[in-house]
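Undergrad: Below: one structure in structure tokens.
Values in this text are rule-based calculations from the coordinates and carry no lab data. Keep in mind the model is a prediction, meaning the values are calculated, not measured. When we count neighbours, we look across all protein chains shown, and the Cβ atoms used for this are built from the backbone with ideal geometry, even at glycine.
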Amino acid sequence: MKRVFAAVCLLVLTACGQGASDDPLVSAVNQIRSGLFNRDTGGSVAFTATRASLRESGITSPVMITRVPSRGIAVGLIQYQRNRGVTVWRSTDGGTISTANGVLLNTRGFGTDLHSLETAPLTAAFASGGDAEYSRLFRAVDGEGALQSARLYCRLVPLGPDRIDVLGRAYDTQHFRESCTADGGMDPLFENDFWRGSDGTIWKSRQWAGPELGFLELERVTN
């Protein structure tokens with residue numbers, strides 16, 4: 001049988017950038033002083049905004065701080081749209097990530113994007129309390145523009161309570177780790193970490209976004 005693990009590692013993802021929008025929310029955010037929603041591509045992954053600067057600028061919607069170590073990017077994305085359980089987070093230059101219950105679904109506008117990674121099985125594992133096995137479908141566009149799929153086999157394990165800091169605010173969470181392999185491989189293709197509150201909110205996570213983009217470090221900020 002053809003090894004899906006090798007296919008996943010060789011997939012070339014296409015960029016799905018989005019142009020500027022005339023949406024009033026995006027226009028308002030674009031007028032905020034320089035550096036509030038910074039996209040730093042100079043090798044640093046520092047995010048300069050604070051909760052105070054968000055409040056002073058009138059930002060009342062939740063914000064997702066997104067760090068992409070492989071790209072040297074730290075950017076703030078504002079909650080832009082919610083539809084059928086999926087939340088779209090958008091940066092001032094049009095880049096987006098989509099999550100379902102805090103689990104990464106896709107990215108657009110980050111150069112080599114995650115087309116999609118199934119979220120429902122992981123969400124169900126969280127609901128069961130963790131220590132669960134399941135599979136997730138990974139989809140990517142190859143170099144010829146064709147959509148390719150790979151079935152990943154995963155396990156979610158609870159690692160215990162952990163008090164974390166998100167932009168100066170402390171949260172009591174449960175730390176979970178997800179390990180996924182492909183086509184029966186012995187070694188994990190990736191390991192994701194999630195810090196989940198008692199109400200189910202994922203306040204912080206480190207999630208795989210495909211073989212090209214690597215991991216995203218996400219922190220949810222609500223004022």
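Undergrad: Give me the net charge for the shell around Glu133: Cβ to Cβ below 14 angstrom, other residues only, Lys and Arg +1, Asp and Glu -1. Intermediate results must be reported in sequence, preceding the final value.
TA: Numbers: positive: Arg136, Arg151, Arg155, Arg177; negative: Asp131, Glu178.
Once positives and negatives cancel, what remains is +2.
Undergrad: Determine one quarter of the surface area of the Cα convex hull of segment 73-152, which equals its mean projected area, and express it in nm² to one decimal. Don't skip to the answer; put the middle values down first.
TA: Values: hull surface 26.3 nm².
Computed as one quarter of the Cα hull surface, the answer is 6.6 nm².
Undergrad: What list of ³J(HN,Hα) values in whole Hz, one per residue of segment 55-60 in order, does the Karplus curve 6.51 cos²θ - 1.76 cosθ + 1.60 (θ = phi - 60°) give from phi, with Gly and Pro shown as x?
TA: These are the phi-based 3J(HN,Hα) values: 5, 4, 8, x, 7, 10 Hz.
Undergrad: Given labels modelled 7 Å from the Cα in the Cβ direction, how far is it in nm from Arg163 to Ser53?
TA: 2.7 nm
Undergrad: On to the next question. Rounded to a whole number of µm²/s, how large is the Stokes-Einstein D of segment 120-223 at 4 °C and 1.567 mPa s, given Rh as the Kirkwood radius over C-alpha pairs? It would help to have the intermediate numbers written out before the result.
TA: Working: Rh = 14.9 Å.
D, rounded to a whole number, is 87 µm²/s.
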